[in-house]
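Working notes, beginning with the structure itself.
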Amino acid sequence: MQRYDGRVALVTAAGQGIGKAVAERIAAEGGSVLVTDLDGERAAQVAAKIGERALGIQVDVTSRADIDAAVAAAVERFGRLDLLVNNAGGCIVTSDPEQTTVDDWHRQLDVTLISAAQCIQSALPHLRAVRGNVVTISSVNGLAAFGNLEYSAAKAGQQSMTQNFAARHGRDGVRFNIVAPGTIRTPNWDSMPQALDRLKEMYPLGRVGEPEDIAAAVAFLGSDDASWITGQTLPVEGGVLTGPAFLIHQTRP
Ligand SMILES: NC(=O)c1ccc[n+]([C@@H]2O[C@H](COP(=O)([O-])OP(=O)(O)OC[C@H]3O[C@@H](n4cnc5c(N)ncnc54)[C@H](O)[C@@H]3O)[C@@H](O)[C@H]2O)c1
């Protein structure tokens, strides 16, 4: 008996990187997965590699129509929805905070925060029916000042959203949690390979994370092993948030 036997997950932005690793992990633990991504080809490839228990479709998380179609597809194909993984929402605005436009703010909030809320709203009736749960992929950027102002603020907003949903729907048996990754080696970093070498020096555990590190945490929070955990943020970050303590150790003679 595996943790996800008979369970169904919907993962957003699962065509590569963290979302792909999450989809693969849930399937490896016996679950069925609706693999969604803005790039429908990528979603289909990930699903094809998983096999029978996966379906890949194109979904833009900034479109409510796409989200509703994805939720409907999961339920139609697999009969139920147990786990929503809000993984979409990477950094799309890197402007100088003093130059940021209202449009920049809207674009970042749309893809990171508003989309996650819309996915939850769409999935909720189905999650309630099976006492399912939601795991949202945030970032250490939402927990401390690492830069990328609009992205970080949007990720911080996910925490308040998660706590509020958790408080509101706990009595329905629906749980809401966050995994907050540190730097993870995904295709997002492909154009900046030296950056990962530099960044790993900030991590007490001496390396950046792999997508599988995040998938393991999501699989835990999404499973019955976490049945009394809701409204929480689990940082999975190689110790980077120890911050000053780590730096003191590094500089000690
Ligand atoms: N990689 C990291 O270092 C890191 C660190 C902390 C948090 N995160 C978070 O993890 C999540 C995944 O990051 P990643 O590095 O695996 O991503 P990635 O850049 O490797 O992949 C992003 C995927 O999102 C898809 N996508 C883009 N816009 C979309 C949209 N509107 N609708 C649906 N899909 C869309 C892309 O097609 C792509 O397949 C993001 O929320 C990101 O903020 C990543």
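The values are calculated or read from the model by the stated rules, or taken from the named source; none is laboratory data. Given the structure is predicted, the values throughout are model-derived calculations rather than measurements. Note that each Cβ is placed from the backbone with ideal geometry, even for glycine, and that neighbours are counted across all protein chains shown.
Of all positions in region 165-174, none carries a residue that is within 15 Å of the ligand (Cβ to nearest atom), more than 13 Å from Pro235 (Cα to Cα) and free of Cβ contacts under 8 Å to residues at least 40 places away in the same chain.
In the condition set (1) away from the ligand (no atom under 13 Å from the Cβ); (2) within 18 Å of the chain's Cα centre (by Cα); (3) of a type outside the set (Ser, Thr, Tyr); (4) in a helix (DSSP H, G or I), Lys20 is compliant with all but (1). Within region 180-194, the only residue that satisfies the criterion of being surrounded by 14 or more Cβ atoms within 10 Å (Cβ to Cβ), assigned to a helix (DSSP H, G or I) and more than 6 Å from the ligand (Cβ to nearest atom) is Trp189. Among the residues making up region 47-88, those that are assigned to a loop (DSSP other than H, G, I, E, B) and either charged (D, E, K, R) or away from the ligand (no atom under 11 Å from the Cβ) (or both) are Gly51, Glu52, Arg53, Asp60, Gly79, Arg80, Leu81, Asp82. Say whether the condition of being on the phi < 0 side of the Ramachandran plot, surrounded by fewer than 22 Cβ atoms within 10 Å (Cβ to Cβ), within 17 Å of the chain's Cα centre (by Cα) and free of Cβ contacts under 8 Å to residues at least 60 places away in the same chain is met by at least one residue in region 62-76. Scanning region 62-76 turns up at least one residue that is on the phi < 0 side of the Ramachandran plot, surrounded by fewer than 22 Cβ atoms within 10 Å (Cβ to Cβ), within 17 Å of the chain's Cα centre (by Cα) and free of Cβ contacts under 8 Å to residues at least 60 places away in the same chain. Arg198 fulfils the conditions (1) assigned to a helix (DSSP H, G or I); (2) modelled with pLDDT of 95 or more; (3) within 15 Å of the ligand (Cβ to nearest atom) except for a single criterion, (2). For region 23-45, the candidate set comprises residues that are assigned to a helix (DSSP H, G or I), buried (at least 20 other Cβ atoms within 10 Å of the Cβ) and not charged (D, E, K, R); within that set, the residue that is nearest to the ligand (Cβ to nearest atom) is Ala43. Within region 89-109, the presence of at least one residue that is within 15 Å of Met161 (Cα to Cα), outside any loop (DSSP other than H, G, I, E, B) and within 16 Å of the ligand (Cβ to nearest atom) is confirmed.
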